[in-house]
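No value in this document is a laboratory result; all are computed from the given coordinates. What you see is a predicted model, and the numbers here were worked out from it, not measured in a lab. Here the Cβ positions follow ideal geometry from the backbone for every residue, glycine too, while neighbour counts run over all protein chains shown.
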Amino acid sequence: MKNYRGYALLSISSAVIALAISLMLKASVGVGAFDAFTQSVSLMAGIRIGTVAMTVNLLCVLGQLILLKRDFGFNRLLQIPMSVLVGMLVNFFYYDLLGTAQIENYVTALITFFISLVTVAFSVSMIMTLNLITPPIESFCMELTKSVPLKFSTIRQLVDILCIVVSVVITFTFGFTLPVREGTVIGMLIFAPLLGFFINKIQPVLLKKGIVQEAGI
């Protein structure tokens with residue numbers, strides 16, 4: 001029997017990530033490397049942030065298809081609707097639901113950012129524990145390790161560096177507000193430890209409920 005509960009949790013977690021990312025963007029105290037990139041490209045091209053993220057993720061799916069060819073399986077195909085869902089939800093939350101919202105107070109902005117970061121970490125931990133779909137960027141980087149003499153962690157770090165460099169170049173070229181700020185540093189320091197903490201808490205619960213069959217992380 002298909003894991004309907006798992007896919008339901010996957011969909012909910014994806015929606016929560018989209019909302020939390022939108023709140024982090026509204027807090028304006030810095031975002032992660034990829035979100036800084038999408039925000040900068042969005043301002044430069046006049047395209048919505050969620051649409052930029054969706055496009056990049058779909059390009060990563062295409063990259064996997066080119067690399068894997070016939071070995072491109074059904075689970076990877078599911079990255080397409082997930083990318084579209086998250087992109088559309090980011091657009092809805094950021095531009096429609098929170099369109100006129102502004103956080104003027106710096107302390108409130110920091111608190112909003114921190115709560116959103118913890119929420120993203122929890123939701124990403126849920127997705128990783130479910131192990132039904134791997135995010136497109138991570139999947140593409142993993143496949144690249146089979147074609148280039150670099151480890152996954154190195155390639156993924158290079159992607160983040162590239163995102164930040166492009167974001168900074170666009171920012172200073174067009175005079176936009178710099179999206180790489182203190183929140184970016186906070187995220188770099190605590191996001192990975194938060195993932196480890198939440199995965200250790202989520203895994204036993206999902207195993208007990210029979211939503212996952214083994215501790216794969």
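Return GLU143, GLU182, GLU104, GLU138 ranked ascending by Cβ neighbour count within 10 Å, so the fewest neighbours appear first. Before the final figure, lay out each step's value.
Details: GLU143 21, GLU182 11, GLU104 6, GLU138 15.
Taking fewest neighbouring Cβ atoms as first place, the list is GLU104, GLU182, GLU138, GLU143.
For Cα pairs less than 8 Å apart in space and 6+ apart in sequence, what is the mean separation divided by the residue count of the range 4-209, i.e. the relative contact order in percent?
Values: 245 pairs, mean separation 76.8, N = 206.
Here the relative contact order equals 37 percent.
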**Complete:** Listing ILE161, ILE211, ILE170 by rising number of other beta-carbon atoms within 10 angstrom, fewest first, gives ILE161, ILE211, ILE170
**Prompt:** What ranking of MET44, MET54, MET128 emerges when the number of other C-beta atoms within 10 Å of each C-beta is taken as an exposure proxy, fewest first?
**Reply:** MET44, MET128, MET54
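Work out, step by step, the length gained on full extension between LEU162 and LEU77: first 0.36 nm times the residue separation, then minus their alpha carbon distance; give nm to one decimal.
Contour length minus the Cα-Cα distance gives 28.0 nm.
With N residues in the chain, what two-decimal value do you get for its Cα radius of gyration over 2.2 N^0.38 Å?
1.02
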**Request:** Kindly provide the helix-only [θ] at 222 nm of the chain, computed as the sum of -39,500 (n - 2.57) over DSSP H runs of four or more divided by all residues, to the nearest 500 deg cm²/dmol?
**Result:** -24500 deg cm²/dmol
**Asked** Which lysines have a Cα less than 20 Å from the Cα of LYS146, not counting those fewer than 8 places away in the same chain?
**Response** LYS69
**Prompt:** How long is the gain from LYS146 to PHE172 if the chain were fully straight, where each residue apart is worth 0.36 nm and the alpha carbon distance is subtracted?
**Reply:** 5.8 nm
